[in-house]
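Worksheet: the structure to be examined is printed underneath.
The values are calculated or read from the model by the stated rules, or taken from the named source; none is laboratory data. Worth saying up front: this structure is predicted, and the values here are computed from it rather than measured. With ideal geometry, Cβ positions are generated from the backbone for all residues, glycine too; neighbour counts draw on all protein chains shown. Each accessible area value is taken on the protein alone, full model and side chains, heavy atoms only, with ligands, DNA and RNA left out. Shrake-Rupley method; radii C 1.70, N 1.55, O 1.52, S 1.80 Å.
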Amino acid sequence: MDELWPPPPSEVADAIRSLCQRLLTETEALVDALAGPALVAQKDPALLADASLVEEDRELNRSELIQWLTANVQQPGRRVEPYVGPRTTAYINDLVSRGIAPDFAGAWRVALGIGWRRWLEECAAHCADRDLLVGVLDVSAQSLVQYALDSVLALREAGLAAAMGNADAEAIALIQLIASGAPMAQDLAEGRLHYRMGRWHTGLVLWVDDPRHVDALDQAVAAVGAAASDRSALVARASATSRWIWLSGAGVPDLHHVEKVMATADGVRGAVGRPGRGLEGFRSSHQDALAAQALVIRLASDRQFTAYADVELIDALTKDRAGARRFVLNTLGPLVEADPALRRALLTYVQCGFNTTRAAAGLYAHRNTVERRVSRANELSAVKVEDNPTHVAAALLVLDIAPGILATGSN
(Lines give C-alpha, C1' and ligand atoms only; values in the text may rest on other atoms or scores of the structure.)
Protein backbone atom coordinates (compact mmCIF):
# COMPACT_ATOMS: atom_id res chain seq x y z
CA MET A 1 0.00 0.00 0.00
CA ASP A 2 1.13 3.55 -0.70
CA GLU A 3 2.42 5.42 2.33
CA LEU A 4 0.56 8.72 2.76
CA TRP A 5 2.70 10.36 5.50
CA PRO A 6 6.38 10.29 6.49
CA PRO A 7 7.61 7.71 9.02
CA PRO A 8 7.62 8.94 12.63
CA PRO A 9 10.82 9.78 14.54
CA SER A 10 12.34 6.85 16.41
CA GLU A 11 11.19 8.04 19.85
CA VAL A 12 7.58 8.38 18.59
CA ALA A 13 7.79 4.97 16.93
CA ASP A 14 9.10 3.39 20.14
CA ALA A 15 6.28 4.96 22.17
CA ILE A 16 3.61 3.74 19.73
CA ARG A 17 5.09 0.24 19.78
CA SER A 18 5.08 0.17 23.58
CA LEU A 19 1.49 1.44 23.78
CA CYS A 20 0.27 -1.17 21.30
CA GLN A 21 2.05 -3.98 23.11
CA ARG A 22 0.31 -2.92 26.30
CA LEU A 23 -3.12 -2.74 24.65
CA LEU A 24 -2.68 -6.16 23.05
CA THR A 25 -2.98 -7.58 26.58
CA GLU A 26 -6.42 -5.93 26.86
CA THR A 27 -7.83 -7.16 23.56
CA GLU A 28 -10.95 -8.84 24.91
CA ALA A 29 -11.91 -5.88 27.10
CA LEU A 30 -11.47 -3.54 24.14
CA VAL A 31 -13.60 -5.80 21.94
CA ASP A 32 -16.28 -5.85 24.64
CA ALA A 33 -16.35 -2.06 24.60
CA LEU A 34 -16.42 -1.76 20.80
CA ALA A 35 -18.51 -4.63 19.51
CA GLY A 36 -21.94 -3.86 20.96
CA PRO A 37 -22.17 -0.18 19.95
CA ALA A 38 -20.62 -0.91 16.53
CA LEU A 39 -23.17 -3.67 15.94
CA VAL A 40 -26.12 -1.41 16.72
CA ALA A 41 -24.67 1.27 14.43
CA GLN A 42 -24.89 -1.13 11.48
CA LYS A 43 -28.69 -0.67 11.59
CA ASP A 44 -29.71 -4.06 10.24
CA PRO A 45 -32.44 -5.94 12.17
CA ALA A 46 -31.65 -9.24 10.44
CA LEU A 47 -28.06 -9.07 11.65
CA LEU A 48 -29.07 -8.14 15.19
CA ALA A 49 -31.55 -11.05 15.33
CA ASP A 50 -29.06 -13.79 14.44
CA ALA A 51 -26.79 -14.75 17.32
CA SER A 52 -24.37 -16.64 15.06
CA LEU A 53 -23.87 -13.59 12.86
CA VAL A 54 -23.48 -11.40 15.94
CA GLU A 55 -20.65 -13.68 17.08
CA GLU A 56 -19.03 -13.42 13.65
CA ASP A 57 -19.34 -9.63 13.74
CA ARG A 58 -17.63 -9.60 17.13
CA GLU A 59 -14.84 -11.75 15.69
CA LEU A 60 -14.49 -9.25 12.83
CA ASN A 61 -14.06 -6.43 15.37
CA ARG A 62 -11.48 -8.49 17.21
CA SER A 63 -9.57 -9.28 14.01
CA GLU A 64 -9.52 -5.62 12.92
CA LEU A 65 -8.32 -4.46 16.34
CA ILE A 66 -5.52 -7.02 16.53
CA GLN A 67 -4.46 -6.25 12.96
CA TRP A 68 -3.93 -2.54 13.74
CA LEU A 69 -2.21 -3.12 17.08
CA THR A 70 0.07 -5.86 15.74
CA ALA A 71 1.00 -3.88 12.63
CA ASN A 72 1.96 -0.94 14.84
CA VAL A 73 4.18 -3.15 16.95
CA GLN A 74 6.00 -4.26 13.80
CA GLN A 75 5.97 -0.91 11.93
CA PRO A 76 4.81 1.84 14.30
CA GLY A 77 2.86 4.71 12.82
CA ARG A 78 2.70 3.37 9.26
CA ARG A 79 -0.33 2.74 7.09
CA VAL A 80 -1.96 -0.57 8.06
CA GLU A 81 -3.34 -2.86 5.39
CA PRO A 82 -6.68 -4.47 6.37
CA TYR A 83 -6.64 -8.24 6.68
CA VAL A 84 -9.64 -9.99 5.12
CA GLY A 85 -9.01 -13.58 6.11
CA PRO A 86 -11.00 -16.75 5.39
CA ARG A 87 -13.34 -16.26 8.36
CA THR A 88 -14.12 -12.68 7.39
CA THR A 89 -14.66 -13.73 3.78
CA ALA A 90 -17.07 -16.46 4.89
CA TYR A 91 -18.93 -13.93 7.06
CA ILE A 92 -19.28 -11.46 4.18
CA ASN A 93 -20.49 -14.29 1.92
CA ASP A 94 -23.14 -15.16 4.48
CA LEU A 95 -24.33 -11.56 4.71
CA VAL A 96 -24.56 -11.22 0.95
CA SER A 97 -26.37 -14.53 0.48
CA ARG A 98 -29.05 -13.39 2.92
CA GLY A 99 -29.42 -9.91 1.54
CA ILE A 100 -27.99 -8.30 4.68
CA ALA A 101 -26.16 -5.05 4.00
CA PRO A 102 -24.75 -3.66 7.27
CA ASP A 103 -23.59 -0.06 7.49
CA PHE A 104 -19.89 -0.83 7.95
CA ALA A 105 -18.99 2.85 7.70
CA GLY A 106 -21.40 3.67 10.53
CA ALA A 107 -19.98 0.86 12.62
CA TRP A 108 -16.45 2.11 12.06
CA ARG A 109 -17.42 5.67 13.05
CA VAL A 110 -18.72 4.41 16.39
CA ALA A 111 -15.82 2.00 16.96
CA LEU A 112 -13.27 4.65 16.03
CA GLY A 113 -14.72 7.09 18.56
CA ILE A 114 -14.59 4.53 21.37
CA GLY A 115 -11.16 3.24 20.38
CA TRP A 116 -9.67 6.73 20.03
CA ARG A 117 -10.86 7.67 23.52
CA ARG A 118 -9.15 4.57 24.95
CA TRP A 119 -6.00 5.36 22.95
CA LEU A 120 -5.98 8.92 24.33
CA GLU A 121 -6.19 7.61 27.88
CA GLU A 122 -3.28 5.26 27.27
CA CYS A 123 -1.18 7.99 25.62
CA ALA A 124 -1.85 10.47 28.42
CA ALA A 125 -0.90 7.89 31.04
CA HIS A 126 2.38 6.84 29.44
CA CYS A 127 3.68 9.82 27.41
CA ALA A 128 4.92 12.26 30.06
CA ASP A 129 6.81 14.47 27.59
CA ARG A 130 4.49 16.99 25.85
CA ASP A 131 6.28 16.93 22.50
CA LEU A 132 6.33 13.14 22.50
CA LEU A 133 2.59 13.05 23.27
CA VAL A 134 1.83 15.41 20.38
CA GLY A 135 3.97 13.37 18.02
CA VAL A 136 2.32 10.08 19.00
CA LEU A 137 -1.20 11.50 18.68
CA ASP A 138 -0.43 13.13 15.32
CA VAL A 139 0.90 9.95 13.72
CA SER A 140 -1.55 7.51 15.32
CA ALA A 141 -4.55 9.65 14.32
CA GLN A 142 -3.49 9.47 10.68
CA SER A 143 -2.91 5.74 10.94
CA LEU A 144 -6.23 4.97 12.64
CA VAL A 145 -8.38 7.11 10.35
CA GLN A 146 -6.73 5.72 7.22
CA TYR A 147 -7.12 2.20 8.56
CA ALA A 148 -10.85 2.78 9.03
CA LEU A 149 -11.22 4.08 5.46
CA ASP A 150 -9.18 1.20 4.02
CA SER A 151 -11.12 -1.37 6.07
CA VAL A 152 -14.54 -0.15 4.94
CA LEU A 153 -13.35 -0.25 1.33
CA ALA A 154 -11.96 -3.79 1.78
CA LEU A 155 -15.25 -5.00 3.24
CA ARG A 156 -17.22 -3.47 0.39
CA GLU A 157 -14.94 -5.10 -2.17
CA ALA A 158 -15.36 -8.45 -0.41
CA GLY A 159 -19.13 -7.96 -0.56
CA LEU A 160 -19.06 -7.28 -4.30
CA ALA A 161 -16.94 -10.37 -4.90
CA ALA A 162 -19.36 -12.46 -2.84
CA ALA A 163 -22.38 -11.13 -4.74
CA MET A 164 -20.84 -12.12 -8.08
CA GLY A 165 -20.08 -15.66 -6.98
CA ASN A 166 -23.21 -16.62 -4.99
CA ALA A 167 -25.40 -18.98 -6.98
CA ASP A 168 -27.82 -19.66 -4.08
CA ALA A 169 -28.49 -16.01 -3.28
CA GLU A 170 -32.05 -15.99 -4.70
CA ALA A 171 -33.26 -18.89 -2.56
CA ILE A 172 -31.62 -17.53 0.60
CA ALA A 173 -33.04 -14.06 -0.06
CA LEU A 174 -36.53 -15.55 -0.45
CA ILE A 175 -36.22 -17.43 2.84
CA GLN A 176 -35.04 -14.22 4.49
CA LEU A 177 -38.09 -12.35 3.18
CA ILE A 178 -40.51 -14.97 4.47
CA ALA A 179 -38.74 -15.20 7.83
CA SER A 180 -38.89 -11.42 8.24
CA GLY A 181 -42.67 -11.36 7.69
CA ALA A 182 -42.75 -9.82 4.21
CA PRO A 183 -45.96 -10.54 2.21
CA MET A 184 -45.43 -13.64 0.10
CA ALA A 185 -47.70 -15.80 -2.07
CA GLN A 186 -47.63 -19.38 -0.82
CA ASP A 187 -47.42 -20.94 -4.29
CA LEU A 188 -44.48 -18.68 -5.18
CA ALA A 189 -42.59 -19.68 -2.06
CA GLU A 190 -43.30 -23.38 -2.60
CA GLY A 191 -42.28 -23.30 -6.26
CA ARG A 192 -38.94 -21.62 -5.65
CA LEU A 193 -37.99 -23.47 -2.49
CA HIS A 194 -39.44 -26.88 -3.39
CA TYR A 195 -40.92 -27.05 0.07
CA ARG A 196 -44.61 -27.29 1.01
CA MET A 197 -45.81 -24.31 3.04
CA GLY A 198 -49.43 -25.22 3.78
CA ARG A 199 -48.47 -27.60 6.59
CA TRP A 200 -47.20 -27.58 10.15
CA HIS A 201 -43.63 -26.34 10.53
CA THR A 202 -41.02 -26.51 13.25
CA GLY A 203 -38.02 -24.23 12.88
CA LEU A 204 -34.60 -25.19 14.17
CA VAL A 205 -31.20 -23.53 14.33
CA LEU A 206 -28.11 -25.73 14.55
CA TRP A 207 -24.73 -24.12 15.13
CA VAL A 208 -21.18 -24.60 16.36
CA ASP A 209 -19.21 -22.18 18.52
CA ASP A 210 -15.93 -23.07 16.81
CA PRO A 211 -15.68 -22.82 12.99
CA ARG A 212 -13.30 -25.79 13.05
CA HIS A 213 -16.29 -28.01 13.95
CA VAL A 214 -18.31 -27.13 10.85
CA ASP A 215 -17.96 -30.67 9.48
CA ALA A 216 -19.74 -32.00 12.57
CA LEU A 217 -22.43 -29.35 12.04
CA ASP A 218 -23.08 -30.45 8.47
CA GLN A 219 -23.15 -34.10 9.56
CA ALA A 220 -25.78 -33.27 12.19
CA VAL A 221 -27.84 -31.33 9.65
CA ALA A 222 -27.67 -34.25 7.22
CA ALA A 223 -28.75 -36.66 9.97
CA VAL A 224 -31.73 -34.48 10.85
CA GLY A 225 -32.76 -34.26 7.20
CA ALA A 226 -32.24 -37.97 6.53
CA ALA A 227 -34.65 -38.91 9.29
CA ALA A 228 -37.40 -36.73 7.77
CA SER A 229 -39.72 -37.93 4.99
CA ASP A 230 -39.45 -36.73 1.37
CA ARG A 231 -39.66 -32.95 0.93
CA SER A 232 -40.38 -32.41 4.62
CA ALA A 233 -37.12 -30.66 5.41
CA LEU A 234 -35.70 -27.33 4.22
CA VAL A 235 -32.11 -26.38 5.08
CA ALA A 236 -30.48 -22.97 4.61
CA ARG A 237 -26.84 -22.03 5.24
CA ALA A 238 -27.39 -19.09 7.56
CA SER A 239 -23.71 -18.46 8.25
CA ALA A 240 -20.37 -20.22 8.28
CA THR A 241 -21.20 -21.65 11.70
CA SER A 242 -25.00 -22.03 11.65
CA ARG A 243 -27.76 -23.66 9.65
CA TRP A 244 -31.49 -22.98 9.59
CA ILE A 245 -33.80 -25.98 9.27
CA TRP A 246 -37.55 -26.29 8.86
CA LEU A 247 -39.35 -29.61 9.33
CA SER A 248 -42.91 -29.91 8.11
CA GLY A 249 -45.74 -32.42 8.08
CA ALA A 250 -49.50 -32.79 7.96
CA GLY A 251 -49.40 -32.72 11.75
CA VAL A 252 -46.97 -31.23 14.24
CA PRO A 253 -43.52 -32.71 13.39
CA ASP A 254 -42.12 -35.21 15.89
CA LEU A 255 -38.73 -34.02 17.14
CA HIS A 256 -37.72 -37.25 18.85
CA HIS A 257 -35.23 -38.05 16.09
CA VAL A 258 -33.77 -34.53 16.30
CA GLU A 259 -33.12 -34.96 20.02
CA LYS A 260 -31.37 -38.29 19.31
CA VAL A 261 -29.16 -36.65 16.67
CA MET A 262 -28.26 -33.76 18.99
CA ALA A 263 -27.40 -36.12 21.85
CA THR A 264 -24.56 -37.58 19.78
CA ALA A 265 -23.49 -34.46 17.84
CA ASP A 266 -20.32 -33.45 19.65
CA GLY A 267 -19.71 -29.70 19.54
CA VAL A 268 -23.02 -28.96 17.79
CA ARG A 269 -25.79 -27.06 19.53
CA GLY A 270 -29.41 -26.58 18.59
CA ALA A 271 -32.50 -24.50 19.30
CA VAL A 272 -36.08 -25.22 18.28
CA GLY A 273 -39.15 -23.01 18.00
CA ARG A 274 -42.76 -23.79 18.75
CA PRO A 275 -44.60 -25.40 15.81
CA GLY A 276 -46.80 -23.27 13.57
CA ARG A 277 -48.88 -23.70 10.44
CA GLY A 278 -48.51 -22.14 6.99
CA LEU A 279 -46.29 -19.20 6.09
CA GLU A 280 -46.92 -17.53 9.43
CA GLY A 281 -45.97 -20.71 11.27
CA PHE A 282 -42.85 -21.02 9.11
CA ARG A 283 -41.85 -17.52 10.20
CA SER A 284 -42.86 -17.61 13.88
CA SER A 285 -41.25 -20.98 14.62
CA HIS A 286 -38.03 -19.74 13.03
CA GLN A 287 -38.07 -16.56 15.12
CA ASP A 288 -38.58 -18.65 18.26
CA ALA A 289 -35.55 -20.77 17.38
CA LEU A 290 -33.43 -17.67 16.80
CA ALA A 291 -34.54 -16.24 20.15
CA ALA A 292 -33.61 -19.49 21.92
CA GLN A 293 -30.19 -19.48 20.26
CA ALA A 294 -29.64 -15.85 21.25
CA LEU A 295 -30.60 -16.65 24.86
CA VAL A 296 -28.13 -19.54 25.08
CA ILE A 297 -25.29 -17.46 23.63
CA ARG A 298 -26.14 -14.34 25.65
CA LEU A 299 -26.09 -16.24 28.93
CA ALA A 300 -23.05 -18.36 27.98
CA SER A 301 -25.14 -21.45 28.71
CA ASP A 302 -23.68 -24.88 27.98
CA ARG A 303 -27.04 -26.34 26.95
CA GLN A 304 -26.78 -28.45 23.82
CA PHE A 305 -30.44 -28.38 22.76
CA THR A 306 -32.96 -25.75 23.82
CA ALA A 307 -36.66 -25.45 23.09
CA TYR A 308 -37.91 -21.86 23.16
CA ALA A 309 -41.20 -22.96 24.73
CA ASP A 310 -39.19 -24.04 27.79
CA VAL A 311 -37.20 -20.82 28.15
CA GLU A 312 -39.47 -18.02 26.90
CA LEU A 313 -40.02 -16.65 30.41
CA ILE A 314 -36.28 -16.86 31.10
CA ASP A 315 -35.60 -14.97 27.87
CA ALA A 316 -37.76 -12.08 29.08
CA LEU A 317 -36.26 -12.15 32.58
CA THR A 318 -32.64 -12.13 31.48
CA LYS A 319 -32.70 -9.34 28.87
CA ASP A 320 -31.47 -7.22 31.78
CA ARG A 321 -28.68 -9.42 33.14
CA ALA A 322 -28.08 -7.40 36.29
CA GLY A 323 -31.82 -7.36 36.99
CA ALA A 324 -32.01 -11.12 36.51
CA ARG A 325 -29.14 -11.59 38.95
CA ARG A 326 -30.97 -9.51 41.59
CA PHE A 327 -34.18 -11.46 40.96
CA VAL A 328 -32.45 -14.80 41.50
CA LEU A 329 -30.66 -13.66 44.66
CA ASN A 330 -33.74 -12.00 46.15
CA THR A 331 -35.93 -15.01 45.39
CA LEU A 332 -33.66 -17.89 46.36
CA GLY A 333 -31.44 -16.32 49.00
CA PRO A 334 -29.08 -18.90 50.60
CA LEU A 335 -30.37 -21.61 48.24
CA VAL A 336 -28.15 -20.23 45.45
CA GLU A 337 -25.06 -21.44 47.34
CA ALA A 338 -26.53 -24.79 48.37
CA ASP A 339 -26.02 -28.24 46.85
CA PRO A 340 -27.28 -28.17 43.23
CA ALA A 341 -29.20 -31.38 43.98
CA LEU A 342 -31.47 -29.40 46.31
CA ARG A 343 -32.28 -26.82 43.65
CA ARG A 344 -32.80 -29.54 41.03
CA ALA A 345 -35.21 -31.39 43.34
CA LEU A 346 -37.24 -28.26 44.12
CA LEU A 347 -37.46 -27.24 40.45
CA THR A 348 -38.54 -30.72 39.36
CA TYR A 349 -41.09 -30.84 42.17
CA VAL A 350 -42.70 -27.58 41.02
CA GLN A 351 -42.58 -28.60 37.35
CA CYS A 352 -44.31 -31.88 38.24
CA GLY A 353 -47.25 -30.03 39.80
CA PHE A 354 -46.05 -30.53 43.40
CA ASN A 355 -46.28 -34.30 42.92
CA THR A 356 -43.44 -35.97 44.80
CA THR A 357 -43.92 -39.34 43.13
CA ARG A 358 -43.63 -37.87 39.62
CA ALA A 359 -40.65 -35.76 40.70
CA ALA A 360 -38.90 -38.84 42.11
CA ALA A 361 -39.44 -40.68 38.82
CA GLY A 362 -38.03 -37.74 36.85
CA LEU A 363 -34.99 -37.50 39.11
CA TYR A 364 -34.43 -41.29 39.32
CA ALA A 365 -34.41 -40.94 43.10
CA HIS A 366 -36.36 -42.43 46.01
CA ARG A 367 -39.49 -40.56 47.01
CA ASN A 368 -38.22 -40.00 50.56
CA THR A 369 -34.96 -38.57 49.24
CA VAL A 370 -36.85 -36.11 47.06
CA GLU A 371 -39.09 -35.10 49.95
CA ARG A 372 -36.06 -34.35 52.14
CA ARG A 373 -34.34 -32.35 49.41
CA VAL A 374 -37.45 -30.35 48.58
CA SER A 375 -38.03 -29.58 52.25
CA ARG A 376 -34.43 -28.47 52.80
CA ALA A 377 -34.40 -26.39 49.61
CA ASN A 378 -37.59 -24.64 50.63
CA GLU A 379 -36.13 -23.87 54.07
CA LEU A 380 -33.14 -22.18 52.44
CA SER A 381 -35.10 -20.27 49.80
CA ALA A 382 -35.86 -16.64 50.65
CA VAL A 383 -39.24 -16.93 48.91
CA LYS A 384 -41.10 -20.08 49.91
CA VAL A 385 -42.50 -22.24 47.15
CA GLU A 386 -45.97 -22.26 48.71
CA ASP A 387 -46.00 -18.46 48.73
CA ASN A 388 -44.92 -17.84 45.13
CA PRO A 389 -44.17 -21.00 43.12
CA THR A 390 -43.94 -19.05 39.84
CA HIS A 391 -41.11 -16.83 41.09
CA VAL A 392 -39.27 -19.73 42.69
CA ALA A 393 -39.49 -21.86 39.54
CA ALA A 394 -38.40 -18.95 37.32
CA ALA A 395 -35.40 -18.16 39.51
CA LEU A 396 -34.38 -21.82 39.60
CA LEU A 397 -34.68 -22.04 35.81
CA VAL A 398 -32.51 -18.96 35.32
CA LEU A 399 -29.85 -20.48 37.56
CA ASP A 400 -30.15 -23.86 35.81
CA ILE A 401 -29.69 -22.37 32.34
CA ALA A 402 -27.08 -19.75 33.24
CA PRO A 403 -25.27 -20.55 36.51
CA GLY A 404 -22.67 -17.91 35.63
CA ILE A 405 -25.24 -15.14 35.97
CA LEU A 406 -24.40 -14.86 39.67
CA ALA A 407 -20.77 -14.03 39.04
CA THR A 408 -19.63 -10.78 40.67
CA GLY A 409 -19.80 -7.92 38.20
CA SER A 410 -22.27 -9.73 35.93
CA ASN A 411 -24.14 -7.18 33.79
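Here D320 and K384 are evaluated by their C-beta separation; at R0 = 25 Å the FRET efficiency comes out at 0.50.
Counting Lys and Arg as +1 and Asp and Glu as -1, each charge on the Cβ, what is the dipole of segment 83-161 about the Cα centre in debye, to the nearest 20? Don't skip to the answer; put the middle values down first.
Numbers: 7 positive and 9 negative charges, 64 e Å.
Rounded to the nearest 20 debye, it is 300 debye.
In the chain, the longest principal axis of the Cα atoms and the axis of helix 169-179 are about 50 degrees apart. Put the Cα centre of segment 277-320 next to the Cα centre of segment 1-28 and the gap is 44 Å.
Taking the square roots of five times each eigenvalue of the Cα gyration tensor of the chain, the equivalent ellipsoid has semi-axes of 45, 32, 16 Å, listed largest first. The alpha-carbon positions of segment 123-212 define a convex hull whose volume is 223 Å³ per residue. When the solvent-accessible area of segment 42-189 is split by element, carbon and sulfur atoms take up 58 percent of it, the probe being 1.4 Å.
Taking amide H as placed 1.01 Å from N in the peptide plane, R78 has no amide H partner under 5 Å among residues 5 or more places away or on another chain. In this simple spin-label model, placing a label point 7 Å from the Cα along the Cα-to-Cβ direction at both R17 and D215 gives a separation of 4.2 nm. When only Cα pairs below 8 angstrom with a gap of at least 6 residues are kept, segment 25-84 shows a relative contact order of 33 percent.
So how do I314, I66 rank on accessible area, 1.4 Å probe, biggest first, that is with the largest at the start?
On the way: I314 0, I66 50 Å².
Output order, biggest surface exposure first: I66, I314.
Placing unit charges on the Cβ atoms only, positive for Lys and Arg and negative for Asp and Glu, gives segment 193-263 a dipole magnitude near 280 debye about its Cα centre. Under 5 Å from the amide H of R199 lie the amide H atoms of G278, each residue being 5 or more positions distant or on a separate chain, with H modelled from the backbone and absent for Pro and chain starts. Dividing the helix sum by the residues of the chain, where each DSSP H run of 4 or more adds -39500 (n - 2.57), gives a mean residue ellipticity at 222 nm of -20500 deg cm²/dmol. Ratio of Rg to Rh for segment 229-302: 0.95 [Cα atoms; Kirkwood radius as inverse mean 1/r over pairs].
Provide the FRET efficiency to the nearest 0.05 for the E190-L160 pair, computing r from the beta carbons and using R0 = 41 Å. For E190 and L160, the calculated efficiency is 0.80. Our coupling estimate for segment 65-75, obtained by passing each phi through the Karplus curve with A = 6.51, B = -1.76, C = 1.60 and θ = phi - 60°, is 5, 5, 4, 5, 5, 5, 4, 7, 6, 6, 9 Hz, Gly and Pro reported as x.
Can you give the relative contact order of segment 46-197 as a percent, counting alpha carbon pairs under 8 Å and 6+ residues apart?
Working: 96 pairs, mean separation 47.2, N = 152.
Rounded, it is 31 percent for segment 46-197.
Relative contact order for segment 295-411: 39 percent, from Cα pairs under 8 Å spaced at least 6 residues apart, divided by residue count.
What you get for the chain, charging only the Cβ of Lys and Arg (+1) and of Asp and Glu (-1), is a dipole of about 1300 debye around the Cα centre.
May I ask you to derive the FRET efficiency for R298 and R372 from their Cβ-Cβ distance with R0 = 41 Å, giving the value to the nearest 0.05? Let's see the in-between values first.
Details: r = 35 Å, r/R0 = 0.87.
Using R0 = 41 Å, I get an efficiency of 0.70.
Working note: Karplus 6.51/-1.76/1.60 with θ = phi - 60° gives segment 309-320 the couplings 4, 7, 10, 4, 5, 5, 4, 5, 5, 9, 4, 9 Hz, where Gly and Pro are set to x.
Between 0 and 90 degrees, the angle of helix 340-351 with respect to the longest Cα principal axis of the chain falls at about 60 degrees. Which one, L34, V328, N355, projects farthest toward the positive side of the charge dipole computed for the chain from Cβ point charges (K/R +1, D/E -1)? So the residue we want is N355.
Have a look at V272, Y83, V96 and report the one farthest towards the positive end of the charge dipole of the chain, computed about the Cα centre with Cβ charges (Lys/Arg +1, Asp/Glu -1). The residue sitting farthest along the positive end of the dipole is V272. For the pair segment 358-397 / segment 37-114, the C-alpha centres are spaced 47 Å from each other.
Under the 0.36 nm per residue contour assumption, what length would be gained going from the current alpha-carbon distance of S10 and L177 to full extension? Let's see the in-between values first.
On the way: separation 167, 0.36 × 167 = 60.12 nm, distance 5.56 nm.
Contour length minus Cα-Cα distance gives 54.6 nm.
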